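Shown next, in structure tokens, is the structure this report addresses.
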Amino acid sequence: MGNRPLIRFCLRHSRRHLVRTLLLVFGIAMGVAGVVAIDIAKTSVGKSFELSTRALVSRSTHQIAGTGLEIPQQVFTDIRTDLGIHRSAPVISRHVKVSELGDRILTLLGVDPFSETHFRNLHLSPGEQDLSGVMTGSKGVFISRSHARQYNLDIGSPLHIFLGSRKTAVTIAGFLDSENSATGRMLEGLVVTDISLAQEILEMEDHITRIDLILDQDAAAEKIREHLGEGLFLVETDQQNTAVRGLSYSFETSLTAFSMLALFMGIFLIYNTVSFSVTRRHRLHGILRAIGATRANIFFTVMAEVMVYAVIGSVFGVLLGILLGKGAVQAVVATVSEMYFTLTVSQTHISGFTIAKGLLAGILAAFVSGFFPALSAAGTRPVSLMHRTVSEKGFNRLVPGLFICGLFILAAAALLMRTATPHAGYDFTALFMIFFGSALLTPLLIRVIVRVLLSAGMGSLGMMVKMALRNITRSLRQTSVLMASLMVVTSVFIGIEVMTGSFRLSIIQWVDDHIGGDIHVSSTDPLTQSLDTDLVEKIRQLPRVESLSAYNIHPVFSRASGKVHLFSYRSDQSVKRWSWTAAPKEELDALLENGWIFVSEIFAQRHHVIPRQGAAVTLETQKGPVPFQVAGIFQDFFMGGGRAVVSPETMARFWGHDDITSLQLFLASDTPAEPVMETIRQMLDPEDMIEIRSGNAIKQSILAVFDNTFIITSALQALTAIVALTGILNAVMALLLERTREIGILRACGTLTGQVKQLLLHECFFYGLISGIMAIPLGTALSWVLIHIINQRSFGWTYEMVLIPGVFFQAIALSSAAALAAGIFPALAAGRTHIPTALHME
Amino acid sequence: MDIQISNIDKSFDDSGSRRVIFRRASALLPSGKISVIMGRSGVGKSSLLNLISGIDLPDKGFIQVGDHCISFMNDTARTIFRRRHIGFIYQFFNLIPVLTVLENVTLIAELDKVPQKTCRRQAQTLLEQAGLWDRRHDFPETLSGGEQQRVAIVRALVNEPDLVLADEPTGNLDQETGAKIMEMIATLARKKNKTLIMVTHSPDAAAWADQIFSVDSGILTPMDSDTNG
Ligand SMILES: Nc1ncnc2c1ncn2[C@@H]1O[C@H](COP(=O)(O)OP(=O)(O)O)[C@@H](O)[C@H]1O
Ligand SMILES: [Mg+2]
């Protein structure tokens, strides 16, 4: 018998069972769509980080920076004239707000047009002479053309640039053009102007932010190092880049986690639908074999059909994925831009690689999913009385083996996680293995749980419950795949909830420890941050003020991680949670007085501080690089690349700051903060740039930032949930289609439609319940991995895992509800079963 | 109860064209008797049983079972009527695979909220008669075809229906087993004075029949049965 007529025959069979065929194609499509959508979200966000980074960092190989994030412009002149290094450019870069451009935070980039050519591709129009024309005093700036169009601005339109509350009026002198739309979006984050105007706007006098250099010989770098005075240093741009990349890395990390999950769900879904549709034909294959089809005939027919649908489904899935992905990008980039103003790209980036990956995932998964069922179909004995249960029996024999296999995979995953090299690739492979390994455990677990439920008296709740539970183990081969996927989704819910919940609790704890003051007074003047000492004294004398913590914060430049913040306290009222100390806690303050420093966990991670005796870190000071002994590492969530605490003497000696920039006031108990804040406001001059906020308000705003961060996670979680739920819906529908004959019998014997619906819903409820139960240990393990391995490695934060029982109940409720919801449609359909037809089903 | 079939029409959609199964068919199947229905395969015998039991409805005309006009009831009423008054036996046994022998037998009584004791006693009596009481906790798959059909017979009779419908109950069994099953159904029906309507090709059946009907070209005609007055 040739394959051709068989294939035609099977395709006709598929047409006759259109609903099932559509389920198959749709199952494959949703799997592929999930993979593609998350991948698009991931690459788009990654891409936008990369672009914004490139915009700010330029093509330089080195930079000259200063400890205080400012250097004299004279340095630039010296480098050019004395050292003759021509590929160098002075740069001023600072965040400002422009009221006419939607009050968004933008980067004011002050450049020297003559030096620029080597560094950035700034296409100015009309022509560069206008930028030079700025020097004649016309206060012109350049913004991106698309941005101008968006806000209806044209050349000559006035703009107001705000630095803190300092306002400068300028006019639009021209536009920034770009060669493609991607860089065009990137330019929207910039306001470009001449160095001298930037200095005027920012009141920097004759200072600049940095000097970009392109050096091709190490000798040149040496020469510059010798030339540079105290407080100035030369860094390689790559080092700087890593700091910026760190941020994007942590995002990509969480996105990768989701794309893993989507891939996993996708493969699951495809496996489920394909293997299901093949086993369903068992009887048909038995008949075909009986009338003379060879094993090879059957195998190729089955595979050919599966592959036809795999291709259709994958193509459809890619299209669907692109749609979903675009939606996700919109959501993700909106939040990311809110938080990290440098990110202005909101373009969806769809690479051929993404599409290829989706297609490949679909086709490969379908191939593998079809392969083994096709083999067993080919092995069908030519007897038409073969029942589905025969293949079920074969599967039942495999169950203990699968369990052991699962345990091995889990053990291997644990080993992989423990490997010393903290490489994200390993972590995610391990995560994937955890999902897969626990999925292999499910058949045995389901059997045990069903048995426990039955013997715990569930059976006495009536025949319907009993039937529902037994049906689960009867078609274990299919139900276990369905329930394993439901378990994985639920466990991810638990993992993320526990992670964010624990994280949030730690943040609250940290806020209470560090920002415990009732009132905070700090300078908002970006230029001179010091508070007036008289003011500090007056505040200290206020009647209801019990104690006061005064300190200063100064950003300094660090070779290892760019901008870091140094704190020095006059009286430190904060409570620190140490993750490591060099001496007993009582002696730490003495060490600080002796010039040792405390560093935060992130700081320690970025500066590769190994927590052991003799740990030291080199910081750039006004007197050049100085090694400092580390007295302790503390847990910290300060946003901004880590911080270090030094004594006021150290601060004054090495960085020249002996001012006070911030105050925390502790009021007598039961004193409302608002009247005291009002009193302090009265003491201020109207032009003072000083912010007075209550501890509560600060706490709220910190938590708001935190919650915003996790909006992204939620958006992705929702996307994954959509894919997962369609998968579950699909699987439930396919499973319940199998019950048609049984429903026919029940109805014929006198079972009411309502009772039949009840039976199906019971069954679905148990799918959900059991999956939920199984998800609890997996979810707990997952949150442990997220908190102690992935999060710690990518963010550098440690916090305690807090298990909240409510989350577990929520998870069980969620998975039961999801499964029930998936059952509603099939249950309604079952109510309308035409009994004679159902009875005649094979 | 008497079964009165009045002028029924029934046809099915067969890929576009309509296939007429019954046209103005009428018959009276007497109460307390064994009626055997014969006819070629595909002529509409099973469909007739479906119409009598109310799991399908005629396009025209009506069927009355005892005092109840089953064709005019709504679905729920028909289902409950079926549950209480009709027992069904099929060619392919149609037991629920996930229920044990005993559970299969008592399922409907339980759904009907009949006190467990009553239905269990009845089930035990019948299963003992069928020689299957020892196997009450086994699942149908572990039973032979003949045993499964005996369970199905017990299930059909356990709630004391007035009417028993059997659709080729021996069609899937070897001759010897078939003969035994036939005997079991017939004697039980006789003893309890049930109305039995049986579709069969088995020549043995004629021996038990009070009346034989043949289905042909859309109508139902009684045949002379001289064997058994
Ligand atoms: N639900 C249905 N839909 C369409 N055609 C049906 C249906 N049930 C029965 N038929 C058709 O009606 C005819 C009679 O079927 P059936 O009553 O099963 O015959 P018998 O039992 O006499 O062999 C057959 O041709 C069958 O194909
Ligand atoms: Mg028939």
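No lab work stands behind these numbers, since they all come straight from the coordinates. All values derive from a computational prediction rather than experimental measurement. Cβ atoms come from the backbone with ideal geometry, glycine included; neighbour counts cover every protein chain shown.
Rg/Rh for the stretch A:525-688 (Cα atoms only, Rh after Kirkwood) is 1.01. Ranking B:Thr200, B:Leu49, B:Ser17 by how far each Cα lies toward the positive end of the dipole of chain B (charges on Cβ) leaves B:Leu49 at the top.
Per residue of peptide B:84-90, the mean number of Cβ atoms on other chains within 10 Å of the residue Cβ is 2. Note on chain B: GNM, Cα springs under 10 Å; of B:His137, B:His85, B:His201, the largest mean-square fluctuation is that of B:His137. Between the stretch A:64-78 and the stretch B:59-73, the C-alpha centres lie 102 angstrom from each other. Annotation: amide H-H contacts under 5 Å for A:Leu159 (H modelled 1.01 Å from N, sequence separation of 5 or more, or interchain): A:Val170, A:Thr171, A:Ile172.
Counting Cβ atoms of other protein chains within 10 Å of each Cβ in A:750-757 and taking the mean gives 5. Cross-link partners of B:Lys117 among aspartates and glutamates, defined as those whose alpha carbon lies under 19 angstrom from its own and excluding same-chain residues fewer than eight positions apart: B:Glu103, B:Glu128, B:Asp134, B:Glu160.
Sorting A:692-699, A:498-505 by average packing, meaning the other beta carbons within 10 Å per residue, from highest down gives A:498-505, A:692-699. Taking θ as phi - 60° and the Karplus parameters 6.51, -1.76 and 1.60, the scalar couplings of the stretch A:437-452 work out to x, 5, 5, 6, 6, 4, x, 5, 4, 4, 4, 5, 5, 4, 4, 4 Hz in sequence order, x denoting glycine and proline. Legend: mean number of C-beta atoms from other chains within 10 angstrom of residue C-beta atoms, peptide B:72-78, equals 1. Measuring between their Cα centroids, the stretch A:739-810 and the stretch B:131-208 lie 44 Å from each other. If a/c stays under 1.5 just call it rounded; otherwise compare a/b with b/c (prolate if a/b is bigger, oblate if not). Do that for the stretch B:3-223, with a ≥ b ≥ c from the square roots of the Cα gyration tensor eigenvalues. Because a/c hits 1.5 or more and a/b exceeds b/c, the stretch B:3-223 counts as prolate. Relative to the longest principal axis of the Cα atoms of chain B, helix B:101-111 runs at roughly 60 degrees. By the beta-carbon count within 10 Å of each Cβ, the least crowded to most crowded order of A:Cys764, B:Cys119, B:Cys69, fewest first, is B:Cys69, B:Cys119, A:Cys764. Candidates B:Gln211, B:Val154, A:Thr171 compared by Cα position along the dipole of the protein assembly as shown: farthest toward the positive end lies B:Gln211, with charges placed on Cβ.
Taking the number of Cβ atoms within 10 Å of each Cβ as an exposure proxy, the fewest-first ranking of A:Lys42, B:Lys10 is B:Lys10, A:Lys42. Using Cβ point charges alone (K and R +1, D and E -1), the dipole size of chain B about the Cα centre works out to roughly 560 debye.
Percent antiparallel among DSSP beta bridges with both residues in the protein assembly as shown, to the nearest 5? Around 70 percent antiparallel, to the nearest 5.
Whole-Hz Karplus values for the stretch B:43-53 come out as 7, x, 5, 4, 4, 4, 4, 4, 5, 5, 7 Hz, taken residue by residue from phi with 6.51 cos²θ - 1.76 cosθ + 1.60 and θ = phi - 60°; glycine and proline positions read x. How would the stretch B:38-154 be classified by its alpha-carbon gyration tensor: rounded, prolate or oblate, with rounded meaning a/c under 1.5 and the a/b versus b/c comparison settling the rest? In terms of gyration-tensor shape, oblate. For the protein assembly as shown, the Stokes-Einstein estimate of translational diffusion at 10 °C and a viscosity of 1.306 mPa s comes to 45 µm²/s, using the Kirkwood hydrodynamic radius over alpha-carbon pairs.
Among B:Lys194, B:Lys117, a tally of other beta-carbon atoms within 10 Å of each Cβ gives an order, fewest to most, of B:Lys117, B:Lys194. Between amide H atoms placed 1.01 Å from N, distances below 5 Å from B:Val158 occur with no residue 5 or more places distant or on a separate chain. Dipole size of the protein assembly as shown about its Cα centre, with +1 on Lys/Arg Cβ and -1 on Asp/Glu Cβ: approximately 6380 debye, rounded to the nearest 20. Rounded if a/c is under 1.5, else prolate if a/b beats b/c, else oblate: with a ≥ b ≥ c from the C-alpha gyration tensor eigenvalues square-rooted, which is the stretch A:189-234? Here the stretch A:189-234 falls in the oblate category. For the stretch A:761-776, the Karplus equation 6.51 cos²θ - 1.76 cosθ + 1.60, evaluated at θ = phi - 60°, returns couplings of 5, 4, 4, 4, 4, 5, 3, x, 4, 5, 4, x, 4, 5, 6, 4 Hz by residue, with Gly and Pro reported as x. Using a Gaussian network model of chain B in which every pair of alpha carbons under 10 angstrom is joined by a spring, one finds that among B:Thr118, B:Thr100, B:Thr200 the greatest mean-square fluctuation is at B:Thr118.
Expressed as a whole percent, the proportion of Cα-Cα pairs in the stretch A:494-619 lying more than 22 Å apart is 53%.
Backbone amide hydrogens, once placed in the peptide plane, bring A:Phe628 within less than 5 Å of A:Val617, A:Thr618, A:Leu619, excluding anything fewer than 5 places away on its chain.
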